[in-house]
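Just below is one structure, and these are the notes that go with it.
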Amino acid sequence: MNAKLIKKTKLTRDIYSLKFKADSKFTFKPGQHLVVSFNNNGMEEVRPYSFASLPKELPFFELNIKRYNEGIGSKYMTDLKVGNKIKIEKIKGNLYVRNKNKKNVFLGSGTGIIPMISMVKSLENNKSDFYYGCRTEKDIIDFNEIKSNTNSLNIILSKPKTNWKGKKGYVQNNIEKLSKTSDYYICGVPNMVVQTKNKLLESGIPRKNIYTEGWEKIENEVKLVKKIGKINKFTNFIVNKILKNADTNIINK
């Protein structure tokens, strides 16, 4: 299946909104991602990217992608021009809303917030809390589109300017009013996911109420790929192993 880029917008200094039109019918659950394949110097690469739109908008859909200067995948995607096409291999993902009517808590940092945008848009009430962690004011995405679907929208900066009046630090240290009946969805770098999940468990939240992509379990492989800093036959093998064994947003560089 292919999809054509029809609109490209810069959301922050390094995050882009890419809107596509698919040439075939498919569906997905809000929070899931598609896997894109492309050729890089004769080598096939695959990368997962989360939907920022809803299934009802199909065949049109939106991806929000952060550009990493050293990242092959993100450079390929953000360098696309209107009219270019991408090849979609599959739709995957364990991070989707189980119950749209109850109170849900969304905990994301960095690009881990992207699948949650689609999830929040799908909610059928405004009971849920939304926590977004990033570094500075320049990294904040415009959340006006989802404000009406939340009870509280909390932005936490780890490196704010001195005049920042909002929450500071990390998502896992700013969670408030934990409820054992709510469902919790976590997405971000492995360390953030592990620490947040542990805090919830220590606070008495049932394990069955906590949902992640599961890729924090293969943190060592992720660190190795990022340490090497580029894709070659060895790191490509690791990436494919990750994609095969976890429904994940892990390597979107």
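Which members of the stretch 39-59 meet the condition of being modelled with pLDDT of 90 or more and surrounded by 15 or more Cβ atoms within 10 Å (Cβ to Cβ)? Correct list: Y49, S50, F51, A52, S53, L54, P55, L58.
E137 meets the conditions (1) more than 13 Å from the chain's Cα centre (by Cα); (2) assigned by TED's automatic domain parsing to the domain that holds Y16 in every case but one. The failed one is (2). Residues in the stretch 106-132 that are aliphatic (A, V, I, L, M), out of contact with any Lys or Arg (no Cβ under 8 Å at 6 or more places or on another chain) and without any contact (Cβ under 8 Å) to a residue 60 or more places away in the chain: V120 alone. Looking across N2, N84, one residue alone is touching an Asp or Glu at 6+ places or on another chain (Cβ under 6 Å) and at pLDDT 95 or above. It is N2. Applying the criterion of being farther than 20 Å from N144 by Cβ and in contact with a Leu (Cβ under 6 Å, 6 or more places away or on another chain) to the residues of the stretch 70-124, the residue that is surrounded by the most Cβ atoms within 10 Å (Cβ to Cβ) is I88. Filtering the stretch 83-116 down to residues that are of a type in the set (G, A, S) and in a loop (DSSP other than H, G, I, E, B), which residue is farthest from the chain's Cα centre (by Cα)? Step by step, filter the stretch 83-116, then rank; the result is G83.
Under the condition of being surrounded by 15 or more Cβ atoms within 10 Å (Cβ to Cβ) and of a type in the set (S, T, N, Q), the residues counted in the stretch 125-148 number 1.
The values are calculated or read from the model by the stated rules, or taken from the named source; none is laboratory data. In this text, all values refer to a predicted model and were calculated from it rather than measured experimentally. In this analysis, Cβ positions are derived from the backbone assuming ideal geometry, glycine residues included, and neighbour counts consider all displayed protein chains.
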